[in-house]
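A quick write-up on the structure given underneath.
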Amino acid sequence: MAQEIKKKRRFHSANVAVIGLGRFGSALATELVKSGHQVLGIDSDDRIVQNLSTVLTHVVAADTTDEETLRELGIADLDSAVVAIGADLEASILTASLLLQLGVKQVWAKANSESHGRILRQIGVHQVIFPEYEMGRRVAHQVSGESLDYVHIDEDFVMVKTYVPEVFEDKVLAEAKIRATFGVTVVAINDGNGYKPAFPESVLRKGNTIVIAGPKGPLDQFCQLD
Ligand code: ATP
């Protein structure tokens, strides 16, 4: 059964269009290709298209506010499309609305501001992302020294990478009773040789880093332990 699931997962590769290949769009498109997906990159700037021609599966220079162009590119047949145009509000909204009209199953769009995000949601974009805002929140926890990394899984559920607090050094995980006391779960431990899943018998050592998941409030409290 597990083997079957693994096999199915391995062969799942999506066809994704990334529209707007600025800093965010090009990083996203490149990462998708590295993860084995077929990516159609589109940008109105010829130079950008030229630079990414050897990196992405297909790259096209086109204005995506033109319906006919999107039809010719066969956008409607793709699994999903990401509108990564930020500064040009009109181009972002027009492109997103055309993708929805053409029936693209999953339309994602980047928003540069709260109002931009609100409009994208109102026209029916399935996922609106705020890269600068989300990265700012993540880095804040690192800069403040509370954690080594901090990722919001949901508004009230986070995953954190942090050092083993002194109070838990040399404790067996089952005896540390971290879940019972704080309501958070240690997911993985890095003893210097890479992350391994955490087991009840795992030992927490000084200098080890751990990955913990849980509700934001309790997890923030845990991170404030010395
Ligand atoms: P980033 O921060 O990711 O660099 P940004 O938020 O500054 O991007 P923009 O500069 O508006 O966003 O757009 C990103 C890319 O989208 C640019 O490379 C631009 O050429 C492209 N773009 C803008 N309008 C269109 C359009 N109508 N059709 C296709 N591409 C477009």
- Message: I want to confirm something. Restricting to the range 29-47 and keeping residues that are over 13 Å from Val18 (Cα atoms) and in contact (Cβ under 8 Å) with a residue 12 or more places away in the chain, which single residue is farthest from the ligand (Cβ to nearest atom)?
- Response: Gly36
- Message: Leu70 - would you say it is under 18 Å from Trp108 (Cβ atoms) and more than 9 Å from the ligand (Cβ to nearest atom)?
- Response: yes
- Item | Leading residue by the ranking (farthest from the ligand (Cβ to nearest atom)) among those in the range 49-67 that are farther than 21 Å from Ala96 by Cα and either free of Cβ contacts under 8 Å to residues at least 12 places away in the same chain or surrounded by 17 or more Cβ atoms within 10 Å (Cβ to Cβ) (or both) | Thr54
- Pairs under 6 Å by beta carbon, first residue over 10 Å from Lys110 (Cβ atoms) and touching a residue at least 40 places away in the same chain (Cβ under 8 Å) in the range 79-99, partner charged (D, E, K, R) and near the ligand (Cβ under 9 Å from one of its atoms), six or more apart or different chains? none
- Item | strands (runs of 3 or more DSSP E) wholly inside the range 155-200 that include at least 3 residues being in contact with a strand residue (DSSP E or B) (Cβ under 9 Å, 6 or more places away or on another chain) and either closer than 17 Å to Pro218 by Cβ or in contact (Cβ under 8 Å) with a residue 24 or more places away in the chain (or both) | 157-163, 185-190
- Task: Just one of (1) surrounded by 21 or more Cβ atoms within 10 Å (Cβ to Cβ); (2) within 19 Å of Pro131 (Cβ to Cβ); (3) at pLDDT 95 or above trips up Thr30, so point out which.
- Result: (1)
- Residue check, Val107 against (1) touching a His at 6+ places or on another chain (Cβ under 8 Å); (2) closer than 16 Å to Leu40 by Cβ; (3) surrounded by fewer than 21 Cβ atoms within 10 Å (Cβ to Cβ); (4) not charged (D, E, K, R), all met but one. Which one? (3)
- Determine, yes or no, whether Thr185 is touching a helix residue (DSSP H, G or I) at 6+ places or on another chain (Cβ under 7 Å) and either modelled with pLDDT of 95 or more or among the β-branched types (Val, Ile, Thr) (or both). yes
- Please go through the range 48-73 and pick out each residue that is hydrophobic (A, V, I, L, M, F, W, C) and within 14 Å of Val16 (Cα to Cα). Leu56, Val59, Val60, Leu70, Leu73
- Just a yes or no: is a residue in the range 113-121 touching a strand residue (DSSP E or B) at 6+ places or on another chain (Cβ under 9 Å), near the ligand (Cβ under 9 Å from one of its atoms) and modelled with pLDDT of 95 or more? no
- Could you list, in sequence order, all residues of the range 116-132 that are more than 13 Å from the chain's Cα centre (by Cα), assigned to a helix (DSSP H, G or I) and either surrounded by fewer than 16 Cβ atoms within 10 Å (Cβ to Cβ) or acidic (Asp, Glu) (or both)? Arg118, Arg121, Gln122
- Note on the structure: Inside the range 137-194, the number of residues satisfying the requirement of being on the phi > 0 side of the Ramachandran plot and surrounded by 14 or more Cβ atoms within 10 Å (Cβ to Cβ) is 1
- How many residues are within 20 Å of Pro197 (Cα to Cα) and in contact (Cβ under 8 Å) with a residue 60 or more places away in the chain if we restrict to the range 140-151? 2
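The values are calculated or read from the model by the stated rules, or taken from the named source; none is laboratory data. Computed from a prediction, not measured in an experiment: that's the story for all the values here. No Cβ is skipped: glycine too gets one built from the backbone with ideal geometry, and neighbour counts run over all protein chains shown.
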